[in-house]
1. If we only count strands (runs of 3 or more DSSP E) wholly inside region A:1-105, which ones have 2 or more residues that are surrounded by fewer than 20 Cβ atoms within 10 Å (Cβ to Cβ) and in contact (Cβ under 8 Å) with a residue 12 or more places away in the chain?
2. Residue by residue through region A:189-223, note down the ones that are outside any helix (DSSP H, G or I), within 11 Å of chain B (Cβ to nearest Cβ) and at negative phi.
3. Could you please find all residues in region A:114-153 being among the hydroxyl-bearing types (S, T, Y) and at positive phi?
4. Which one of these does A:G160 not meet: (1) under 21 Å from A:I205 (Cβ atoms); (2) within 14 Å of the ligand (Cβ to nearest atom)?
5. Considering only region A:171-207, how many residues are of a type in the set (S, T, Y), under 18 Å from the mean Cα position of the chain (by Cα) and within 16 Å of the ligand (Cβ to nearest atom)?
6. May I ask you to verify whether A:V166 is within 16 Å of the ligand (Cβ to nearest atom) and more than 17 Å from B:T34 (Cα to Cα)?
7. Give me the residue from region B:7-45 that is under 10 Å from the mean Cα position of the chain (by Cα) and of a type in the set (V, I, T) and, out of that set, farthest from A:T179 (Cα to Cα).
8. Enumerate the pairs (first residue in region B:29-42 and touching a residue at least 12 places away in the same chain (Cβ under 8 Å) and at positive phi; second residue anywhere and among the charged types (D, E, K, R) and buried (at least 19 other Cβ atoms within 10 Å of the Cβ)) with beta-carbon separation below 8 Å, excluding pairs fewer than 6 apart on the same chain, so at least 6 apart or on different chains.
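The values are calculated or read from the model by the stated rules, or taken from the named source; none is laboratory data. Model, not experiment: these values are computed from the prediction. As a convention, Cβ positions derive from the backbone with ideal geometry for all residues, glycine included, and neighbour counts pool all protein chains shown.
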Amino acid sequence: MKFSDGQLERYSRQIILKEVGVKGQEKFLKAKVLIIGTGGLGAPAAMYLAAAGVGTVGLVDCDKVELSNLQRQIIHSTGDVGKPKVVSGQETIWDLNPEVEVVTYQEWVSAANIADIVKDRNYDFIIDATDNFPAKFLINDACVLMSRPFSHAGIIRFQGQTMTYVPGQGPCYRCVFVTPPPPDAVPTCRQAGVLGVMGGIIGTIQAAEALKYILGTGELLTGRLLTFDASTMNFRQITLARRATCQVCGDCPTISELIDHEQAVCGQK
Amino acid sequence: MHIMVNGKEVELSQSVSIRQLIVSQEVATPEYVTVQLNEEFVSAAELDGTLLNDGDVVEFLYFMGGGQAKS
Ligand SMILES: [Zn+2]
């Protein structure tokens, strides 16, 4: 691959890293990352991946930008209120790095469409930046069944956590959390609130995991749950075992096709 | 005896079950917490019968949503 002068200058600060170099930059330019949710977590993840020169970034979100999003979803601006989030996100990315191919999917993921979305560009890595448990379990199950690596994350109040699944290397999200909680059984950001920076901190870690996976360098958060508490500034890592009884990746899996746990319909609030 | 709970040392005057620890530690949403004992998952059915020993390491893992703001 031949780099233009503009590319060499744009990416110079990472090309000089021995872990990146021109080979790594080539990998970034060829890589395809799907970001499901363009909210608090997806916004910084999308922007950093685009800035690094990830060649194809897919954005999945059915929502339109609301004023209450802007406290944390920094990919959207005041003038974007009312716009589909995927369109607003695409515009921000193209301002930042016009070389990135941004593929937009203005829909919620469901059992009916997630496999097609993942296969659409044959995405290499998936970022779960959703806020709800049905979507998180669906993304997990789809990635396990389709053998795709993904980064899981969640944030609430001053807390966040994230883990990475790589097929064949450690537990999946369902190993840890087994089954979605009933609606409204555990507090959500909408009810409990969230400090805006939590999406920045945790979503940026998700982007770092994607970049490391693409490069094939470093140690991913496989078999480890990273938790962060901004009120004490404590990061902790909890070693996670695979659960032999996991319904999707265990020894006798019972989930062999995707199911919707309770899914919002596009346009429904 | 001392055990570790989410990275913090907790002193117990006697051995208790994980279920009792969940109550005494005032674990939020106890029905939906994932429990690990010494890096192994403990199923919900085992919480009453699993007694804690000195030096045990317990992790309570919580559901966290967040990210995109969909209801
Ligand atoms: Zn599993």
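1. Details: elements: A:32-36, A:56-60, A:101-105.
Per the criteria, A:101-105.
2. First pass over region A:189-223, keeping only residues outside any helix (DSSP H, G or I): A:193-195, A:216-223.
Going one step further and asking which of them are within 11 Å of chain B (Cβ to nearest Cβ), we end up with A:193-195, A:223.
Correct list: A:V194, A:L195.
3. Step one: of region A:114-153, the residues among the hydroxyl-bearing types (S, T, Y) are A:123, A:130, A:147, A:151.
Matches in region A:114-153: A:S147 only.
4. The number of the failed condition is (2).
5. Of the residues in region A:171-207, 1 are of a type in the set (S, T, Y), under 18 Å from the mean Cα position of the chain (by Cα) and within 16 Å of the ligand (Cβ to nearest atom).
6. The answer is yes for A:V166.
7. B:V23
8. Cβ pairs passing all conditions: B:N38/B:D56.
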